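Reading through the structure tokens given below for one structure.
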Amino acid sequence: MNFKQSEALEILERTPAVLTHLLSGLSLEWLINNEGGDSWNSLEVVAHLIQCEKSNWIPRINSILTNIEDDPLPPFDRFSHLGQEKGIEELLREFSQSRQQSLYQLGALKIRSFDLNKTGLHPEFGSITLQQLLSTWAVHDLTHINQITRVLAKRYDQDVGPWKTFLSILK
């Protein structure tokens with residue numbers, strides 16, 4: 001196992017700044033592009049991350065730490081952010097503030113190494129540990145950073161010509 005809470009925090013602390021540097025000031029054409037079908041654009045991804053801060057990570061961490069083993073985790077609707085109409089600057093500010101608050105709350109919990117083995121009951125996956133949830137939080141951030149960069153690159157999919165062969169992000 002590679003998990004170290006301090007290392008997970010390195011990712012969680014940086015994500016708002018990474019997204020702010022990547023997306024702030026971009027034209028709407030960049031922000032509304034998606035990968036087709038029901039895929040999300042950059043605005044929707046940031047809105048999803050905000051919803052996760054409010055309704056997913058800390059509530060579920062608290063549930064694992066305070067409840068009897070295998071109590072159901074609080075429900076989370078992964079699609080409740082869809083239909084929001086905020087601009088990117090407002091979304092980035094809100095995400096940054098929400099993440100800062102989540103990290104403050106996480107620090108106040110003073111999670112110890114033996115807490116990492118405590119479990120909760122996920123509605124889809126069954127029994128999960130706090131370590132798995134914390135690991136997932138960090139990888140979830142990286143997944144959505146990857147998604148955003150893929151969506152941005154896809155906008156020029158047809159414009160790069162023969163170089164597409166060398167641009168793995170477009171495959």
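The values are calculated or read from the model by the stated rules, or taken from the named source; none is laboratory data. Every value quoted in this text rests on a predicted model; they were computed, and no experiment measured them. As a convention, Cβ positions derive from the backbone with ideal geometry for all residues, glycine included, and neighbour counts pool all protein chains shown.
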Filter pass, residue 164 being at pLDDT 95 or above, of a type in the set (Lys, Arg) and either part of a helix (DSSP H, G or I) or at negative phi (or both): yes
Name the residue, out of 76, 95, that is surrounded by 13 or more Cβ atoms within 10 Å (Cβ to Cβ), within 15 Å of the chain's Cα centre (by Cα) and farther than 17 Å from residue 145 by Cα. 76
Restricting to segment 112-122, give me the number of residues that are touching a residue at least 60 places away in the same chain (Cβ under 8 Å) and either in a helix (DSSP H, G or I) or within 17 Å of residue 6 (Cα to Cα) (or both). 1
Counted residues, segment 149-165 - those being over 21 Å from residue 41 (Cβ atoms) and surrounded by 13 or more Cβ atoms within 10 Å (Cβ to Cβ): 1
The residue that is farthest from the chain's Cα centre (by Cα), considering only those in segment 29-59 that are among the polar types (S, T, N, Q) and closer than 17 Å to residue 95 by Cβ, is 41
For segment 123-145, enumerate the residues that are of a type outside the set (A, V, I, L, M, F, W, C) and either assigned to a helix (DSSP H, G or I) or within 10 Å of residue 11 (Cβ to Cβ) (or both). 131, 132, 135, 136, 140, 141, 143, 144
Looking only at segment 37-47, decide whether some residue is closer than 18 Å to residue 98 by Cβ, of a type in the set (Asp, Glu) and touching a residue at least 12 places away in the same chain (Cβ under 8 Å). yes
Residue under evaluation residue 159, criteria (1) under 17 Å from the mean Cα position of the chain (by Cα); (2) over 23 Å from residue 24 (Cβ atoms), criterion not met: (1)
When you scan segment 113-141, how many residues do you find that are out of contact with any strand residue (DSSP E or B) (no Cβ under 9 Å at 6 or more places or on another chain) and of a type in the set (A, V, I, L, M, F, W, C)? 6
Restricting attention to segment 97-110, does a residue exist that is part of a loop (DSSP other than H, G, I, E, B), at pLDDT 95 or above and within 22 Å of residue 134 (Cβ to Cβ)? yes
